[in-house]
Amino acid sequence: MSTKRACDACHRRKIRCAGGQPCWNCGHASLSCTYNAIPQKKGPKGNRAKVISELRETKLRDHANTGGYVDGFDTVTPPLSPPSSHKSEIIDQQLVSRCIESFFIHLYPTIPIFEKGALVNRAKNMSTSIDNYCLMTSLCAFVLTQPGHRVNVSGFSGGSRLTSHDLGKATFEEAIRIRKLSSFIERPNSDAVVTAYLLFGCCFCLDKHSTAWFYLREAATLAEIIGMDEESYYLSTDTTAGIRERRLFWVIFITERSIHL
DNA sequence: TTATTCGGAAATTAAAAACA
DNA sequence: GTTTTTAATTTCCGAATAAT
């Protein structure tokens, strides 16, 4: 019988975690007991039954070889080692809350693509899924890199003295890192569209114009792939979400056609 | 002797395939 | 639709090593 979820320290130490706050091990070792690591998605990704298909392939090849035929290809590639699931120390709930507040005060009037309640809800659950965490890091990066928008960042990043802009850069790097863990290319959704758009905004403000253009195109392409350019797409979403997603589509559409990088 | 580290087996989970 | 199979991640056992 194992714990539902081990704390960060027990996970790192590879020891049994009884749960709780703090857990017994952290309490005993005077460690801060956190549960910040983002769990990876379990289970097969993409084409499955790799082993059996490889074995069948090998059998076929052997058969071909004994029959005097060699195809010349070796399609068996070693699996990639899984990326680290450990979260950086950059983002926390307080920073996310401040960024959400700042977004709705300064940016929402021109980019009305989020619903505050839903966003706050997802912020609360940001440590439970990659998609939520990715959205929050992207949003924070977007807000923090905006020129002229000030978020009080004192007390963040382990006490280091970062400016809002530096923290924005660090958060942007984190958003890109975590986004790579998501399987959004194989299974695109509106989150992938939003994060691509937010990363476009970051790059634009960080003077990375080629990359900005790339992300804007990515947002537009993903939006098209999931069918946001079709009316039928919005029939499957509820009214509020549908309105936000329509706005998102048009924001991307208009930005792409009006911006000259 | 006690505490810590970490390789890797076992458990857990989820996606795809197979089946009814 | 449900069940089974497969492949991915997470937990944490227990041997090795370090610290006291």
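Residues considered: A:Ala241, A:Ala219. Of these, the only one that is under 22 Å from A:Tyr108 (Cα atoms) and free of Cβ contacts under 8 Å to residues at least 40 places away in the same chain is A:Ala219. In the set A:Ile100, A:Ile15, only one residue is away from DNA strand B (no atom under 13 Å from the Cβ) and at pLDDT 55 or above; that residue is A:Ile100.
Considering region A:1-31, the residues that are closer than 20 Å to A:Met126 by Cα and in contact with a helix residue (DSSP H, G or I) (Cβ under 7 Å, 6 or more places away or on another chain) include one that is nearest to DNA strand C (Cβ to nearest atom), namely A:Cys7.
If you go through region A:111-118 one residue at a time, do you hit one that is within 16 Å of A:Cys202 (Cα to Cα) and surrounded by fewer than 21 Cβ atoms within 10 Å (Cβ to Cβ)? Taking every residue of region A:111-118 in turn, at least one turns out to be within 16 Å of A:Cys202 (Cα to Cα) and surrounded by fewer than 21 Cβ atoms within 10 Å (Cβ to Cβ). When the residues of region A:206-261 are filtered to those that are among the basic types (Lys, Arg) and within 27 Å of A:Gly148 (Cβ to Cβ), the one that is farthest from the chain's Cα centre (by Cα) is A:Arg257.
The values are calculated or read from the model by the stated rules, or taken from the named source; none is laboratory data. All values derive from a computational prediction rather than experimental measurement. Positions of Cβ are backbone-derived with ideal geometry, glycine not excepted, and every protein chain shown enters the neighbour counts.
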